[in-house]
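> Before I ask anything, let me first share the structure, which is written out below as structure tokens.
The values are calculated or read from the model by the stated rules, or taken from the named source; none is laboratory data. None of these values were measured; they are calculated from a predicted model. Don't worry about glycine lacking a Cβ; one is built from the backbone with ideal geometry, like all the others, and counts go over all protein chains shown. Surface accessibility is based on the protein's heavy atoms, side chains included, excluding ligands, DNA and RNA. Shrake-Rupley method; radii C 1.70, N 1.55, O 1.52, S 1.80 Å.
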Amino acid sequence: MITAQSVFRFTVDDLETSQLASTFKILKNLDSTLTISDVRRCLSEPTAVAQYQVANADFGAFVSNLGVVVETAESLSGNSIPTTIEDLTTAATLSLSQLRASYDHHVSFLNVTLNSAVTSFLSSLRDADWFQNLGKDLDGNIRVVLEAPPSGTFTYPCIGIQNAILGQLMDANECHFACLSPFFRIANDQVTSLLDYKLADPPGDLPDLPLDDVQAIISHACLELQFLPEQTKKHAVECCQWLLRGKLPVGWDGDFPQGELLVT
């Protein structure tokens with residue numbers, strides 16, 4: 001599994017004299033401190049000649065760094081230069097096909113688009129009357145609040161939901177810790193537009209809402225619909241079902257996932 005902190009080491013095995021110049025040129029692009037003398041040692045015995053760290057807090061830069069590793073491995077393979085590539089962070093030896101698969105996997109997060117489940121969900125929220133049952137008691141494990149709910153009460157659900165989904169992604173596939181950032185940029189733009197539209201003319205008796213919490217729970221519902229299997233329990237989606245029933249989810253009382261949903 002390639003991690004966000006992976007450091008790759010390139011060891012050249014059984015190098016021919018005719019391959020010296022091309023090997024130096026390829027690896028010099030990976031490690032600017034490399035000298036021709038470093039590579040010349042590979043003529044007599046297998047030698048670790050270059051290391052490259054892909055870590056970067058910016059997910060796009062991380063994917064770009066991983067692409068550099070793949071390009072280097074492809075160039076070495078294309079020139080028939082025998083090379084062993086190790087991930088020092090996980091103590092694993094990786095083939096070119098494994099590097100390509102990892103790169104393609106991470107690019108899929110970088111180029112993410114909202115799937116049909118997410119777009120249908122956002123469309124249904126746009127069409128629903130969020131205030132139809134404002135102040136009314138409805139069946140369900142909820143508590144109706146007519147005053148401003150406590151600030152930050154969706155912190156636990158949102159952190160819990162995001163960590164659970166990221167954990168599942170990392171268990172199923174190697175995954176950078178920031179792999180969800182591109183998705184959130186797209187989803188949050190859509191949810192911000194939705195909130196601006198739905199709350200442009202709110203009822204006069206609507207409580208003073210923590211709008212960041214409302215946006216967060218809808219965005220995390222999108223996250224669940226985008227990445228979790230259909231049969232998996234979706235906490236944020238369940239919270240947002242109250243919007244379709246004419247109530248705004250405005251908070252959570254207790255420790256997630258136990259506790260009680262607060263609605264208007």
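> Condition test on SER193, is it modelled with pLDDT of 80 or more and of a type in the set (S, T, N, Q)?
yes
Let's see how each residue does on (1) touching a strand residue (DSSP E or B) at 6+ places or on another chain (Cβ under 8 Å); (2) charged (D, E, K, R):
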| position | (1), (2) |
| --- | --- |
| ASP137 | yes, yes |
| LEU146 | no, no |
| CYS179 | no, no |
| PRO210 | yes, no |
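> (1) exposed (fewer than 15 other Cβ atoms within 10 Å of the Cβ); (2) among the hydroxyl-bearing types (Ser, Thr, Tyr); (3) modelled with pLDDT under 85: which one isn't true of TYR156, the others all being true?
Here TYR156 clears every test but (1).
> Let me ask another. Determine whether ALA117 is modelled with pLDDT of 95 or more and either β-branched (Val, Ile, Thr) or surrounded by 13 or more Cβ atoms within 10 Å (Cβ to Cβ) (or both).
Here the answer is yes, as ALA117 does meet what is asked.
> Still on this model: Assigned to a loop (DSSP other than H, G, I, E, B), of a type outside the set (Val, Ile, Thr) and open to solvent by less than 20 Å² (accessible area, probe 1.4 Å): is that true of PRO203 in this structure?
No.
> Among (1) under 22 Å from PRO210 (Cβ atoms); (2) open to solvent by less than 60 Å² (accessible area, probe 1.4 Å); (3) modelled with pLDDT of 90 or more, which single condition is ILE161 missing?
Failing condition for ILE161: (3).
> Continuing with this model, one more query. Taking ALA101 as the residue in question, decide whether it is among the hydrophobic types (A, V, I, L, M, F, W, C), closer than 30 Å to PHE8 by Cβ, loosely packed, with under 13 Cβ neighbours inside 10 Å and within 25 Å of the chain's Cα centre (by Cα).
no
> Follow-up question, since we're still on this one. Among ALA216, ALA187, which is in contact (Cβ under 8 Å) with a residue 60 or more places away in the chain, over 13 Å from the mean Cα position of the chain (by Cα), in a helix (DSSP H, G or I) and at negative phi? Let's see the steps before the verdict.
Working: ALA187 fails: over 13 Å from the mean Cα position of the chain (by Cα).
When all the criteria are applied, what remains is ALA216.
> Determine whether LEU243 is open to solvent by 20 Å² or more (accessible area, probe 1.4 Å), in a helix (DSSP H, G or I), in contact with a helix residue (DSSP H, G or I) (Cβ under 8 Å, 6 or more places away or on another chain) and touching a residue at least 12 places away in the same chain (Cβ under 8 Å).
When the stated conditions are applied, LEU243 does not pass them.
> Looking at LYS198, is it farther than 30 Å from PHE109 by Cβ, open to solvent by less than 60 Å² (accessible area, probe 1.4 Å) and modelled with pLDDT of 90 or more?
No, not satisfied.
> Would you point out which residue out of GLU238, GLU224 is without any contact (Cβ under 8 Å) to a residue 24 or more places away in the chain, out of contact with any strand residue (DSSP E or B) (no Cβ under 6 Å at 6 or more places or on another chain) and assigned to a helix (DSSP H, G or I)?
From the options GLU238, GLU224, the qualifying one is GLU238.
> Right, next: Just checking, which of SER116, SER108, SER120, SER95 is closer than 30 Å to LEU43 by Cα, free of Cβ contacts under 8 Å to residues at least 60 places away in the same chain and among the small types (Gly, Ala, Ser)?
Exactly one of SER116, SER108, SER120, SER95 is closer than 30 Å to LEU43 by Cα, free of Cβ contacts under 8 Å to residues at least 60 places away in the same chain and among the small types (Gly, Ala, Ser), namely SER95.
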